[in-house]
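Quick notes on the structure that follows.
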Amino acid sequence: MAEDIHPSLDQFARSLDGSVHFVCHSMGGLLARVYLARHRPARLGRVVMLGTPNGGSEIADRLKNLAAYRAYFGPAGQQLVTRRDAATSALLPSIDYCAGIIAGNRSVYPITSIGLPRPHDGRVSVANTRLDGMADHIVIRTSHPWLVRNREAIAQTIAFLQEGRFSTNRQVD
């Protein structure tokens with residue numbers, strides 16, 4: 001997928017006078033990590049990840065062998081597991097850029113969130129959103145699908161893009 005998006009992102013980045021920031025939700029954060037490892041823009045700004053399973057997903061661990069899961073999520077779904085093989089680990093090297101991570105701690109998924117370590121957002125445990133080298137991390141009161149529309153998540157994203165850290169006026173649960 002990183003190769004598929006490269007021509008468009010490269011053209012966009014070259015057309016800007018300023019920095020290129022990335023704001024990503026869920027698996028999009030993993031895609032951004034792969035992309036930045038391969039095609040880092042010359043003027044990379046900051047990266048915000050919302051609910052990204054940086055440490056993998058326990059749900060993927062449970063479902064990875066089911067035919068329906070494999071058909072729907074394809075090879076990328078197999079890479080979401082918490083124990084990654086050498087090839088997947090190589091795709092996601094350590095970060096050396098300014099990244100802030102927003103995790104949720106509420107679930108709207110009573111079935112799929114069974115067995116997830118608490119706290120979690122119904123899809124990803126807060127612990128598995130963390131990433132070595134991150135500049136900041138915050139947990140807010142929302143579930144995985146609503147991270148992108150949550151007012152506090154939006155305000156914190158803007159604060160991080162502007163300042164390189166989340167606001168100290170956070171409403172942490």
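We did not get these values from a lab; they are worked out from the coordinates using the rules stated. Computed from a prediction, not measured in an experiment: that's the story for all the values here. All Cβ positions, glycine included, derive from the backbone under ideal geometry; neighbour counts span all protein chains shown.
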Calculated from backbone phi, Karplus (6.51, -1.76, 1.60) coupling profile of region 116-126 in Hz, x at Gly/Pro: 6, x, 8, x, 7, 9, x, 10, 9, 6, 4
With x for Gly and Pro, the residue-by-residue ³J(HN,Hα) of region 87-97, computed from phi through the Karplus equation 6.51 cos²θ - 1.76 cosθ + 1.60 at θ = phi - 60° and given in whole Hz, is 5, 5, 4, 5, 5, 10, x, 4, 8, 9, 9
Separation of alpha-carbon centers, region 132-163 and region 66-110, rounded to whole Å: 18 Å
Rg(Cα) / (2.2 N^0.38 Å) computed for the chain, rounded to two decimals: 1.03
May I ask you to work out the translational diffusion coefficient for region 36-96 at 25 °C, viscosity 0.890 mPa s, via Stokes-Einstein with Rh from the Kirkwood sum over Cα pairs, reported in whole µm²/s? 186 µm²/s
Counting only DSSP beta bridges with both residues in region 32-173, what percent are antiparallel, rounded to the nearest 5? 10 percent
In order through region 17-34: 3J(HN,Hα) via Karplus (6.51 cos²θ - 1.76 cosθ + 1.60), integer Hz, x for Gly, Pro: 8, x, 6, 9, 9, 10, 10, 10, 10, 6, 5, x, x, 5, 4, 4, 4, 5
Starting from 0.36 nm per residue, how many nanometres of slack lie between Asp96 and His6 once their C-alpha separation is accounted for? 30.4 nm
Hey, can you grab everything whose amide H is under 5 Å from the amide H of His25? Only 5+ residues off in sequence or another chain; H modelled, so Pro and N-termini drop out. Leu50
Per the helix-only model, the chain has a calculated mean residue ellipticity at 222 nm (DSSP H runs of ≥4, -39500 (n - 2.57) each, divided over all residues, rounded to the nearest 500) of -11000 deg cm²/dmol
In region 48-173, if the dipole is taken from +1 on Lys/Arg beta carbons and -1 on Asp/Glu beta carbons about the Cα centre, which of Ile154, Gly115, Ile102 is farthest to the positive end? Gly115
